[in-house]
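One structure below.
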Amino acid sequence: MTRLLRHFQSSVGSKVLLALSGLGLVGYVIFHMLGNLQVFEGSRALNSYAAFLRDMPIVLWTARIGLLGIAVIHVALAIHLSLQNRRARPRAYAIHRYRYASIASRTMAASGLVVLLFIVFHLLHLTAGIVGPSPPDRIDADGYRDVYGLLIHAFQNPVIVLIYVAGQVGLAFHLHHAVSSSLQTLGFEHAALNGLLKAAGPSVALLVVLGNVAIILAVFLRIVR
Amino acid sequence: MITKLDPKIPSGPLEAKWDRHRFSEKLVSPNNKRKLTIIVVGTGLAGASAASTLGQLGYQVECFCFHDSPRRAHSIAAQGGINASKNYQDDGDSVGRLFYDTIKGGDFRSREANVYRLAQISGQIIDQCVALGIPFAREYGGQLANRSFGGVQVSRTFYCRGQTGQQLLLGAYSALCWQIERGQVTMRPRTEMLDLIVVDGQARGVVVRDLVSGRISIRTAHAVVLATGGYSNVYFLSTNASGSNVTATYRAWKQGAAFANPCFTQIHPTAIPPSDAYQAKLTLMSESLRNDGRLWVPKMLGDTRAPRDISEGERDYFLERRYPRFGNLAPRDIASRAVKTVCDEGRGVGPNGHGVYLDFAGVVEQQGLDVVAERYGNLFDMYHRITGEDAYRAPMRIYPAPHYTMGGLWVDYNLMSTIPGLFVIGEANFADHGANRLGASSLMQGLGDGYFILPYTIGHYLATAKLPPVTEDHAEAREAHQRVLNRTARLLAANGRRTAASFHRELGSLLWNYCGMSRNETGLKLALSSIPTLREEFWRDVVVPGAGDSFNQELEYAGRVADYLEFAELLCHDARHRQESCGAHFREEYQTGDGEPKRDDTRFAHVAAWEYREGASPILHKEPLAFEFVQPTTRSYQ
Amino acid sequence: MRFTLNIWRQNGPTESGRFVSYEADDVSQGMSFLEMLDGVNQKLLVAGEEPVAFEYDCREGICGSCSLVIDGIPHGPDQGITTCQLYMRRFPDGANITIEPWRAKAFPIVKDLVVDRSALDRVMQAGGYVSVNTGGAVDGNALLIGKDQAETAMDAASCIGCGACVAACKNASAMLFVAAKVSHLALLPQGKPERTGRVTAMIEAMDREGFGSCGNQYECEAVCPKRISVRFIATLNREYRRAGIVESALPNASESPHAESV
């Protein structure tokens, strides 16, 4: 056991945990997006889906606590590694030019912070309903909690839309580098697959952001009402 | 005083000498090995392989190099490959043939017994390197690949692309790393040996300077191994690394080790010609280029037309003309000299007439551009980067450059110098290449000495010699220490106006002109009279800034130049003494009517070993070379 | 040609440094970057000033000594070469050129542009070798190694240990350096018996020396004079993961993977 602990304490071990936790969170983000896309199928679909999730409190809370744990690990390791990395070069170059590094890869800390702040806001706003213009918590015709209504109400406010879109842009930047990077950290590499692995990050980023922003804008532009 | 040079060659048939010798050698018991300290100076192929093997055997090894890491030694730059008589290609190779090729290639100026031993262990070297994880080139079936190299008729050269030296050195370095990790070897990088400590006639330590702190200290041991490479840089411009120098071996010479055959300096034919005055180094283009490229110059004197405007009939393919049998593949010394001859006639090409064309037009036409690009693409790129010229369109220009030195400290069969306890291995000794080294043989010799010969022979010395304790306070140690302090102080005190590099450059051009590819009595006398003047001027007018107690690259360099300025004289003495032409040593007075070298076996079938005398010319000792197993023949490539 | 050089000068590891401007004139196109610096130093010497300390040796791109960050890029603007293989025709006449040392905590400055890279040696000493004794090796052809495998191992083994990968990395990480050695030996049968201990020991040594972690930006590959691929970093990660699984199952795992060899 101590050996395993030592294994994950090294820089590479920490990176593996960072990658695994990150990929876990990416999985959730995709799942979350796919669920929410049901908004396009109308209020009934979305509300019954929401009720379906809430009907399994044990699963729901296990998932929530699990996600929170993963997120905490991810953020803690990211902070730990960045501090370590900063110490590795106490004096910066007067001029430093990049050749291969994408803008996304150079702004991981910033985009990560944007995503973190956004998640906190999102939870306080839609999940807990503590911040933001208080939406009417209603019951729909089928007796489900009207999550659909909540969305419609929330995304008619341009400030909220702006915050959500900004959060998604941050997420896009983060995932653009994160997904392919995680696969590399986990050691996925094969001559025949390298193109695919490299494209994974930008593709996932695009997919998630298109999906999520589509929901937000569809509501804001009254395509979905 | 050296009384007699005893090569200590074991008796018996050639094939059995090494085995018998190893059996008759005394061994050191494992318990005693722990109490014995060995200093190894240099971490090239010879030094790193010796230090790691000695550490593995249980000795306490202290290893020094002036580089920041042992992995940077100049062995790393060897491109072509390493020879071994494995006969994997079943093309008729054998220990005997490798032995004979090496003896003949050396123009019958090396010891039979040494060369035979080298050929015997050549196969083991490959096995050892493979075991260390060196990624040699392989055939599709997974077997080791070979190529033919350096004008021999069998394929016995093992290689790792064009980076064989690098891979072999990194292998030896990795073995060294293991012994450092085990605590058997203490590695001291950025530490330069500046003197040898001889106590009661035995080598018992060195004086070193820590190049970062500038601290000069005494390190004592039971034996000292020098693996400090060759002295081609005495010519200023050479293919050697900037740091390669003669200091360690030269200082050992001044303490009584005989220096053998210093005039055997190999000039490699295919380097990129020098372009301007600031040039610090000549870049070697692989010898493999001569497999397909044709060397030529215009027939007409002072022909400055572009090469493509000169028709076939107006070109002189001088190697093909003079050596129809070997053509462009003639051995290094012969090709270099032929290049010099046509340039001296005023038919050289390029800005300063120092160059000949190496033309690939024929092979491009026959086999296509793609084939040439695949075979030599990286070399053509390198040429383009350095000269800005495109060798696919116009022929390359090449010119010979000092490359390797066959001469070195004299050693006996046990690789021990004339100072008991001072062992010399690799290029630093004179041993196995005679008057000319064949391609891919230096790596073999360096590793052979380090892995397989020295570890046996040094044991016998340590087991039999009386070695009373020597501490840093010993009078001889203190004296050596003081010598280094004085010299360092003197360099710093000169405070003149000329840089060490300007003296080095002047010395280099003097030697290149009068003791380079061809030598004659008048030129050598001129050089011998000019060198002392230059040396005096150096000590009067050199500028060395800064202090001795800090990182001071100019001080390091000036010290090396000071040694070149003395050593150059020894080089010229030896060249003057050797009144014959053999191998890389060409005396203009001794040639046939058509300009071929004339060897003189009656007067010069010996090793010329020089003993230092303070304030006087060195004393010559001769070790006769007896050829019992091969008959010296005229080395003709015509 | 003429250039204005902005060169980092620093007397020792603990002293503070600064940029000093120098003029390099009489530069010809065919001069290498280091020869251009030689010229500057020769003039400084004659003027009685301390020359700029910088490292060099073979001047043909294989020893790994030279180590300059030129206008923000280790080994300068061209790819696949070392500083000593950079020629002045690459720069426009009259250019301003900024020259800095490798900067990393693990590479303390010795003087001016010279840094101490012994950290890389210590990482190698932790496990970058095959522990075989001299003598008694089996015949070189006893173990067959496929050509492709040998070539890939050679790709990795061609590392010259210059440290440009560390210098270019945002995190001053030595992952490409470690990856090259671990991959080289893991690819060959000779390196297999020790692959588990080797990768763990080398990664831990790398961390001890104060190198950062890999951010997968691949700047290392961009500046590597031997164009060593970051694919080997994935191999290293895989090897490390494998080692974690294998080692956690060892009954009596010793503290140091190489302890038994002492």
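FYI, it's all coordinate maths here, none of it is from the lab. In this text, all values refer to a predicted model and were calculated from it rather than measured experimentally. Note that we place each Cβ from the backbone using ideal geometry, even for glycine, and neighbour counts take in every protein chain shown.
As a calculated quantity, the FRET efficiency between A:Ile119 and A:Ile95 at R0 = 45 Å, using C-beta atoms, amounts to about 0.80. A P(r) calculated from all alpha carbon pairs of chain B, with 20 Å bins opening at zero, reads 20, 55, 24, 1 percent. Per-residue packing, averaged as other Cβ atoms within 10 Å, sorts the ranges B:413-419, B:503-509, B:170-176 into the order B:170-176, B:413-419, B:503-509, beginning with the highest. Can you tell me the orientation of helix B:553-577 relative to chain B, as the angle in degrees between its alpha-carbon axis and the longest Cα principal axis, to the nearest 10? The answer is roughly 70 degrees.
Please tell me the relative contact order of the stretch C:3-111 in percent, rounded to the nearest whole number, where contacts are Cα pairs under 8 Å and at least six residues apart.
On the way: 179 pairs, mean separation 37.5, N = 109.
Relative contact order for the stretch C:3-111 comes out at 34 percent.
Using the Cβ-Cβ distance between A:Ser48 and A:Ser102 with R0 = 35 Å, the FRET efficiency computed as 1/(1 + (r/R0)^6) comes to roughly 0.30.
Evaluate the charge dipole of chain A about its Cα centre and quote only its size in Debye, nearest 20, assuming +1 on the Cβ of each Lys and Arg and -1 on the Cβ of each Asp and Glu. Don't skip to the end; give the middle numbers.
Values: 18 positive and 7 negative charges, 237 e Å.
With only Lys, Arg, Asp and Glu charged at Cβ, the dipole is about 1140 debye.
Helix B:95-105 axis versus longest C-alpha principal axis of chain B: approximately 70°, rounded to the nearest ten. Annotation: amide H of A:Val224 within the under-5 Å range of A:Val219, sequence separation 5 or more or interchain, hydrogens built in the peptide plane. Scaled against the 2.2 N^0.38 Å expected of a compact globular protein of N residues, the Cα radius of gyration of the stretch C:119-261 reads 1.05. Applied to the stretch B:537-548, the Karplus parametrisation 6.51 cos²θ - 1.76 cosθ + 1.60 on θ = phi - 60° returns per-residue 3J(HN,Hα) values of 4, 4, 5, 7, 10, 6, 10, 10, x, x, 10, x Hz, with x for Gly and Pro. With the Cα gyration tensor of the stretch B:23-97 giving a ≥ b ≥ c as the square roots of its eigenvalues, does the rule (a/c under 1.5 for rounded; else a/b larger than b/c for prolate; else oblate) give rounded, prolate or oblate? Oblate is the answer for the stretch B:23-97, as a/c is 1.5 or above yet b/c matches or exceeds a/b. Here the label points at B:Arg478 and A:Ile79, each 7 Å from Cα along the C-beta direction, are separated by 6.3 nm in the simple model.
Here is the link list: B:Lys8/B:Lys466; B:Lys525/C:Lys43; B:Lys17/B:Lys86; B:Lys33/B:Lys466; B:Lys26/B:Lys104. Which ones come out longer than 26 Å on Cα distance? Going by Cα-Cα distance, B:Lys525/C:Lys43; B:Lys26/B:Lys104 fall outside the 26 Å limit.
Across the options B:Thr247, B:Phe586, B:Ala221, the greatest Cα extent toward the positive end of the charge dipole of chain B (unit charges at beta carbon of Lys, Arg, Asp, Glu) belongs to B:Ala221.
Each residue of the stretch B:226-242 is assigned a 3J(HN,Hα), and the resulting list reads 9, 9, 9, x, x, 10, 4, 5, 4, 7, 6, 8, 7, 7, 6, 5, 4 Hz, derived from the Karplus form 6.51 cos²θ - 1.76 cosθ + 1.60 (θ = phi - 60°), x at Gly and Pro. Couplings 3J(HN,Hα) for the stretch B:22-32, derived from phi with the Karplus relation 6.51 cos²θ - 1.76 cosθ + 1.60 (θ = phi - 60°), are 5, 6, 7, 5, 7, 10, 9, 5, x, 5, 6 Hz, where x marks Gly and Pro.
By average Cβ neighbour count within 10 Å, what is the ranking of B:81-94, B:592-605 from highest down? Mind dumping the intermediate values first?
Numbers: B:81-94: 20.4, B:592-605: 14.1.
Those peptides, ordered most packed to least, come out B:81-94, B:592-605.
Spatially, the stretch B:90-104 and the stretch B:11-37 are offset by 26 Å when compared through their Cα centroids. Per residue of C:198-209, other chain Cβ atoms within 10 Å of the residue Cβ number 3 on average. The magnitude of the dipole of chain B, with charges of +1 and -1 set on the Cβ of Lys/Arg and Asp/Glu and taken from the Cα centre, is near 880 debye.
Scanning residues 5 or more positions from B:Ala271 or on other chains, those with amide H under 5 Å from its amide H are B:Met285, B:Tyr399, B:Ala401, with H placed 1.01 Å from N in the peptide plane. Dipole magnitude for the stretch B:184-278: computed about the Cα centre from +1 point charges on Lys and Arg Cβ and -1 point charges on Asp and Glu Cβ, it is near 300 debye. Which percent of the Cα-Cα distances in the protein assembly as shown go past 47 Å? In whole percent, the long-distance tail amounts to 36. Neighbour counts of other Cβ atoms within 10 Å put B:Leu447, C:Leu176, B:Leu526 in the fewest-to-most order B:Leu526, C:Leu176, B:Leu447. For the stretch C:194-235 versus the stretch A:121-194, the spacing of their alpha-carbon centroids is 35 Å.
May I ask you to sort C:His184, B:His621 by Cβ crowding, counting other Cβ atoms within 10 Å and putting the fewest first? Walk me through the numbers before you get to the answer.
On the way: C:His184 28, B:His621 19.
Fewest to most other Cβ atoms nearby, the residues stand as B:His621, C:His184.
Since only B:Phe360, B:Asn146, A:Val131 are under comparison, the one whose Cα sits farthest along the positive direction of the charge dipole of the protein assembly as shown, derived from C-beta charges on Lys, Arg, Asp and Glu, is A:Val131.
Grab the beta carbon distance between B:Ala306 and B:Asn378, set R0 = 30 Å, and tell me the FRET efficiency rounded to 0.05. About 0.70, to the nearest 0.05. Look at the dipole of chain B built from charges on Cβ: of B:Met193, B:Ser69, B:Pro545, the Cα furthest out on the positive end belongs to B:Met193. In this structure, the amide hydrogen of C:Ser173, modeled 1.01 Å from its nitrogen in the peptide plane, lies closer than 5 angstrom to those of C:Gly212, counting only residues at least 5 positions away or on a different chain. Each of the peptides B:22-34, B:569-581, A:34-46 was scored by the mean count of other Cβ atoms within 10 Å over its residues; in descending order, highest first, they stand as B:569-581, A:34-46, B:22-34.
For chain B, the relative contact order works out to 20 percent when only alpha carbon pairs closer than 8 Å and six or more residues apart are counted. Counts of other chain beta carbons within 10 angstrom of each beta carbon in peptide B:230-243 average 2.
Partner shielding of C:60-72 amounts to 6, given as the average count of beta-carbon atoms from other chains within 10 Å of each residue beta-carbon. Classify the stretch B:275-367 as rounded, prolate or oblate from the Cα gyration tensor: take a ≥ b ≥ c as the square roots of its eigenvalues, call it rounded if a/c is under 1.5, otherwise prolate when a/b beats b/c and oblate if not. Since a/c stays below 1.5, the shape of the stretch B:275-367 is classed as rounded.
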